[in-house]
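Read the structure below first, then the notes.
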Amino acid sequence: MASNQPNGNSSQYDNLGYLKDGSETSSYFDQPPNKYGVSAIEPAPRNFLPRITCTSEVGGKKIQPGSPPTPHNGTAVIDPSQSNFSLNNGQNEKISTVQVQPEIGDDEGPGEDRDTWDNPIEFLLSCISMSVGLGNVWRFPGVAAQNGGGAFLIPYLIVLLIIGRPIYYLEMCLGQFSRYGQVKVWNLSPIFKGIGYGSITGVIALVSYYCALMAITVFFFFASFAKDLPWSICDDTDKDYNCTFVSEENYAEHYYYNEVFPQRASIDDGLGKLHWKLALCLVFSWLIIFLSLVKGVKSSGKVAYFTAIFPYIVLLILLIRGLTLKGAGAGILYFVTPEWSALYKPKVWYAAVSQCFFSLTTGFGPIIMFSSFNPFGKNVYKDALIISFMDTFTSLLAGCTVFSVMGNLVEESKTLEFEDIEGGPSLAFILYPQAIAKFTWVPQLFAVLFFLMLFTLGLGSATSLTGGIITIICDQYITWKRWLVTLVVCTLGCLAGLMYLTEGGMLLLDLVDHFGASFIIYVMVMFECAGIAWVYGLSNICDDIEFMLGRRVGIYWRICWGLVIPVGLFGILLYYLITEPEFQSGPLPYPKVATICGWLLTGFAAALIPAWAIHAVATRKKGSIKEKIIEASKPTHRWGPQRRKQRSEWQAFRAEKKAQRSRKRFIIF
C-alpha cells in the first residue's frame, strides 16, 4: 500500500490517513498488509471507538481465501469468502458480527461512500428550488411595497451582494470541501459545533409551520376545481352566518376566515380546536415530502426538475394574463417607483437583510447539505452566482406578476389601496384569489395553476430543510437506514404542524417565526462567519477553497467574510435588540407566557453555542484550560478532503501557502 503521508512518516498516521489522536496503539498497525479492512463507523469521538483489525492470520494460522471458518477461544471466526466475521466467547457462542470490506484503496477515503448527485444539473436545480420559495412570491412583494417600493430594491441588492451571496458561496464551499452536513462541518473548529445544532433548532421551527402553510395551498388547490370558485360567491346555506352582510369585495376574505381557516383573535385561552380538513391536507403535504426524500438525493434530485422549472412557467403565464388587465401598469409602477426617503430608515435595511436570509435560505444548513453530495472540485463558484441571480430575478418577476394583478384589483375596488397590500397569507389566500375570481375566462385554470405553483415552491424549500435534518442524523448514526430516519422525521414534523392548524394556529405561527426562525438565524450566521474567518482563519479557508476549485479567492470575498458580514450582522443585531417593540401580531399583544416561551426558544438555540463550546473544551486532552481552548479551536483530523491522494496534496498545498505567508512581512487579506 502506497504511503499517503506528506513526509512518508506513516507512524504518525492511522490506516485512513488521519493523524493519530492517541486512541491507537502500535499493535493495531504493526500487522502486515492484508486483503481485508474493517469499515469504520465513527458516530462518537475517536478515542472512545473500539478498534478491530482483521488480518490474514488468526491464532497464528494463515487464512486462505475460500477456507472454512475456524473457531478460536475468545477470538474471531473469519470467513475470507464472506464480508463479515463473528466474535466468539470461547464456547462457540457468537457474541457479535462485524461487517468488513476490501481494504480502502490508495485513492479512496472514509467518506467516499456518501451519496452523490446523478447529474450536476440536479444539484443546481435543487439549490434553485430551495432558494426560490414562498418568500419570493408572497413575502417579497409585500415587504417591498411597505419599505419604499422601488427604493427597497437598492438596499436589497446591496445586502444581497455583500451578505447574501458571500454567505451562499461560503456555505457551498464548506459542504463540498468537507462532505459533511452542517454539524460535522465544524470539524474545522469544534468549539463552534453548537452553531450547527443552533441552526437546526431554527430549521425545525421553520419547517414545522412552513408545511402548515403548504396545507392551506393544498386546500385551495382542490377547491379550485369547483364549477364556481367558492370564494367568488357567498353561500350561507346551513351556515351560522348571513351573506346579506357580506359585500362582494369581501367574499374571498369571508371564505378564508369562515370556511378555510377560522381563527381566534387571541390565544389567551389556548389554541382552540383543530381544523380536520386542513389536517388531512397537512398529511398529504408531508407524504409528498417523504416520497421526495426517501431515497436521498437520488429521489430529491429528480423532483427538483419539476419544483425548479414549473413555477417559472406559471409566473410567466400569470404575468402575461396580468398585463392584459386594466390597471396593471399602475400596479407595476407602484412596485418599482422608489420612495428615496426610505433609504434613511434603519428598518428598511433590517427588512432587506431579513428578506435576503429568508429568500436564499442562508444560515439554515441545506446549502451545506446539498453541496456535501457534490464531487470534490465541482465549480460551485459559478453555481453560487447563477442561484443568487435566479433568486433575485424571481423576486422581481413575482413582484411584477403580483402587482399587475393587484393593480387591476385596486382599479375595480372601492376601498382597497396599494398601501393596504401586505405580504404573507393575506396576499396569497385573500387578495390574489379575489383578483383571480374576477377573471372573465377560465378563472379555475388560473386558480389551479397559482395554488399548484405555491405548493411546488413550498415543496422545494420544505424538502431541502427537512433533508438537512435527516442528513445530520444520518451523518451522526451512519448505521441507521435513511428511509426509516426520513419516515420518523416526516411523521414528527406532521404531528408538530397540527398545532398551527388550530383556531389560534396563525398567532402561534407568527410567534414561532419571529423568535424561532428569524432571530436564531441572525445569531447563527454572525457566529458562523466570525468563527470561520477569525478562529479557523480567513487565509486557511481561502487556501482550502483555492485548492478545491483551482482559483484564488478574490479580495471581494475576503472582505465580506472577514469584516462586512460579522460586523454588519452584529450592528443589525444591536439595532434589533434596542429598537424592537413588544411583539404582537395584529391589534392585540400576546399573553406574557407566550412571549416568554418565544424568548426561551431563542435562548435555547443561542445557549447551544456556549454549551457545545464547553463540551469541546472539556473533552480535549491538553492539560491547562488555555491549552484545551486552543486545541478545541483547531481543526480535528477529520477536517479536509476525504480521498487519500487529495488529502496528501492538500496538506502539501497548505504547507506551501503557509511558507509563502511566513516570508511576507505584511498580510492584508
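The values are calculated or read from the model by the stated rules, or taken from the named source; none is laboratory data. Just so it is clear, the model here is predicted, and its values are computed rather than measured. Quick reminder, even Gly has a Cβ in these numbers, built from the backbone with ideal geometry, and neighbours come from all protein chains shown.
For the stretch 336-362, a tally of residues being in a loop (DSSP other than H, G, I, E, B) and surrounded by fewer than 24 Cβ atoms within 10 Å (Cβ to Cβ) returns 3.
Name the single residue that is nearest to Q263 (Cα to Cα) among those in the stretch 475-513 being in a helix (DSSP H, G or I) and among the β-branched types (V, I, T).
V512
The residue that is modelled with the lowest pLDDT, among those in the stretch 282-304 that are under 17 Å from R482 (Cβ atoms) and of a type in the set (V, I, T), is V297.
Could you please find all residues in the stretch 324-371 being more than 15 Å from G164 (Cα to Cα) and of a type in the set (S, T, Y)?
Of the residues in the stretch 324-371, the ones more than 15 Å from G164 (Cα to Cα) are 324-348, 369-371.
Correct list: T324, Y334, T337, S341, Y344, S371.
Give the residues of the stretch 617-657 that are touching a Lys or Arg at 6+ places or on another chain (Cβ under 6 Å) and not β-branched (V, I, T), sorted by residue number. Walk me through it before giving the result.
Our first condition is that a residue be touching a Lys or Arg at 6+ places or on another chain (Cβ under 6 Å); within the stretch 617-657, this holds for 617, 620, 622, 628, 631-632, 640-642.
Result: R620, K622, K628, E631, A632, G640, P641, Q642.
Applying the set (1) under 30 Å from R643 (Cβ atoms); (2) in contact with a strand residue (DSSP E or B) (Cβ under 6 Å, 6 or more places away or on another chain) to C173 leaves exactly one unmet item: (2).
So that you can scan it fast, the table gives a plain yes or no per residue for (1) touching a helix residue (DSSP H, G or I) at 6+ places or on another chain (Cβ under 6 Å); (2) surrounded by fewer than 24 Cβ atoms within 10 Å (Cβ to Cβ):
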| residue | (1), (2) |
| --- | --- |
| L157 | no, yes |
| R165 | yes, no |
| W186 | yes, no |
| I191 | yes, no |
| F221 | yes, yes |
| S224 | yes, yes |
| P230 | yes, yes |
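Regarding V297, is this residue out of contact with any helix residue (DSSP H, G or I) (no Cβ under 7 Å at 6 or more places or on another chain) and aliphatic (A, V, I, L, M)? Judged against the criteria, V297 is a match.
Only one entry in V402, V353, V348, V336 is in contact with a strand residue (DSSP E or B) (Cβ under 8 Å, 6 or more places away or on another chain), under 30 Å from Y522 (Cβ atoms) and touching a residue at least 12 places away in the same chain (Cβ under 8 Å), namely V336. Listed residues A462, A435; which is hydrophobic (A, V, I, L, M, F, W, C) and within 30 Å of the chain's Cα centre (by Cα)? Testing whether each residue is hydrophobic (A, V, I, L, M, F, W, C) and within 30 Å of the chain's Cα centre (by Cα) leaves just A462.
One line per residue, one yes/no per condition, for (1) of a type in the set (F, W, Y); (2) closer than 18 Å to W231 by Cβ; (3) buried (at least 18 other Cβ atoms within 10 Å of the Cβ); (4) not assigned by TED's automatic domain parsing to the domain that holds M390:
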| site | (1), (2), (3), (4) |
| --- | --- |
| L427 | no, yes, yes, no |
| Y432 | yes, yes, yes, no |
| T486 | no, no, yes, no |
| L511 | no, no, yes, no |
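Hey, any hits in the stretch 303-313 for a residue that's surrounded by 15 or more Cβ atoms within 10 Å (Cβ to Cβ), assigned by TED's automatic domain parsing to the domain that holds T491 and over 21 Å from the mean Cα position of the chain (by Cα)? Within the stretch 303-313 (the criterion being surrounded by 15 or more Cβ atoms within 10 Å (Cβ to Cβ), assigned by TED's automatic domain parsing to the domain that holds T491 and over 21 Å from the mean Cα position of the chain (by Cα)), the answer is yes, since at least one residue qualifies.
List, please: which pairs have Cβ atoms under 6 Å, are six or more places apart or on different chains, and start with a residue in the stretch 299-320 that is closer than 13 Å to F450 by Cα and end with one that is not β-branched (V, I, T)? Short answer, once both residue conditions are applied: P311/M453; P311/L457; V314/L449; V314/M453; L315/L397.
When K378 is tested against (1) surrounded by 15 or more Cβ atoms within 10 Å (Cβ to Cβ); (2) assigned to a helix (DSSP H, G or I), just one condition goes unmet, and that condition is (2).
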